[in-house]
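Below is one structure, written out as structure tokens; comments come after it.
The values are calculated or read from the model by the stated rules, or taken from the named source; none is laboratory data. As the structure is a prediction and not an experimental result, all values here were calculated from the model. Note: ideal-geometry Cβ built from the backbone for every residue, glycine included; neighbour counts use all protein chains shown.
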Amino acid sequence: MKNLKGIFSALLVSFNEDGTINEKGLRQIIRHNIDKMKVDGLYVGGSTGENFMLSTEEKKEIFRIAKDEAKDQVALIAQVGSVNLKEAVELGKYATELGYDSLSAVTPFYYKFSFPEIKNFYETIIRETGSPMIVYSIPFLTGVNIGVSQFAELFENPKIIGVKFTAGDFYLLERLRKAFPNHLIYAGFDEMMLPASVLGIDGAIGSTFNVNGIRARQIFELAQQGKIKEAFEIQNVTNDLIEGILGNGLYQTIKGLLECEGVEAGYCREPMTKELNAKQKEVVKELKAKYLS
Ligand code: HMN
């Protein structure tokens, strides 16, 4: 298994106008991340990959293309979580066979699952695949909050190696860091990377790293070196960019910025708005000129 610490892009997926996967575009996004953004790894099949709107076969196809393009150049994490546990297991087996370095799974959502049900969800995927697992905790979208004692129960399974912590609860993050010094903790909010880095995260997984990966690494590394003022300045610029992205349509705008780099990032998948309108496209050009030139 590769070193799983560092900067991971939550991989975007290029779609054609009819919603089918644009393989050429997807490969270009992967190359851009590896060659230009110099990321340590890719998080494939996350929300940024518009994963929860895709069929099982499409999810597999994306895992296959990502592995085929990235080969062993960077670490690869496959997000296989689904409220359909059978699907999660099937995807987990597939990604494991492809040689992904770790699986990750979002906590099962929509229904109010109890903690024993959530624990069983992870235990089942691990038992069936034999792969390491990173818990994907994103309470603002799932409504599932996992506390320190519950993480302790999950981490009793040695295959559960860490957590993708997409939350702004820095008290919980500090408690987790102290309680589990040997588990991987990834920050999931790019705009809060500096405070998360100060609290000792092992890495970060972010959508904006597809275009702003160089600054993300600078923030992470400067914070590790204790150069907080310098890191803060880069976080400020980063957050001006992220504010612009969020105000203009998250995935569509990052895709627009990739298009400015000559990457065929394509359309989004409905029911998301497929593409930006003319005014939003102007904003993309402004963001590109101001922050990414
Ligand atoms: C994913 O599953 O792809 C992750 O959620 C990626 C990452 O944590 C992003 N979260 C969401 O989009 C919900 C962030 O990078 C986020 O897009 C960014 O911080 C802007 O808010």
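Worth a mention:
- Residue tally, condition among the β-branched types (Val, Ile, Thr) and assigned to a helix (DSSP H, G or I), over the range 1-35: 3
- Looking across Ile254, Ile245, Ile219, Ile205, one residue alone is touching a Lys or Arg at 6+ places or on another chain (Cβ under 8 Å), β-branched (Val, Ile, Thr) and either assigned to a helix (DSSP H, G or I) or surrounded by 23 or more Cβ atoms within 10 Å (Cβ to Cβ) (or both). It is Ile205.
- Taking each residue of the range 82-107 that is over 17 Å from Phe8 (Cβ atoms) and hydroxyl-bearing (Ser, Thr, Tyr) and looking for partners that are more than 15 Å from the ligand (Cβ to nearest atom) and assigned to a helix (DSSP H, G or I) with beta-carbon atoms closer than 7 Å, six or more apart or interchain, yields Tyr94/Lys60; Thr96/Thr129; Thr107/Ile118.
- Selection status of Leu184, in contact with a Phe, Trp or Tyr (Cβ under 8 Å, 6 or more places away or on another chain) and either modelled with pLDDT of 95 or more or within 16 Å of the ligand (Cβ to nearest atom) (or both): no
- The set of residues in the range 87-109 being hydroxyl-bearing (Ser, Thr, Tyr), more than 16 Å from the ligand (Cβ to nearest atom) and either in a loop (DSSP other than H, G, I, E, B) or closer than 24 Å to Ile185 by Cβ (or both) consists of Thr96 alone.
- Within the range 32-49, the set of residues being surrounded by fewer than 22 Cβ atoms within 10 Å (Cβ to Cβ) and either without any contact (Cβ under 8 Å) to a residue 40 or more places away in the chain or among the hydroxyl-bearing types (Ser, Thr, Tyr) (or both) comprises Asp35, Ser47.
- Pairs with Cβ under 6 Å, 6+ apart, first in the range 130-147 and farther than 15 Å from Glu117 by Cα and within 16 Å of the ligand (Cβ to nearest atom), second of a type in the set (Ser, Thr, Tyr) and assigned to a strand (DSSP E or B): Ile134/Ser102; Ile134/Ser104; Tyr136/Ser104
- Residues within the range 231-274 that are in contact with a Cys (Cβ under 6 Å, 6 or more places away or on another chain) and more than 13 Å from the ligand (Cβ to nearest atom), tallied: 1
- Asp202 vs. criteria within 13 Å of the ligand (Cβ to nearest atom) and in contact (Cβ under 8 Å) with a residue 40 or more places away in the chain: no
- Summed over the range 202-241, residues that are aromatic (Phe, Trp, Tyr) and closer than 19 Å to Lys288 by Cα total 1.
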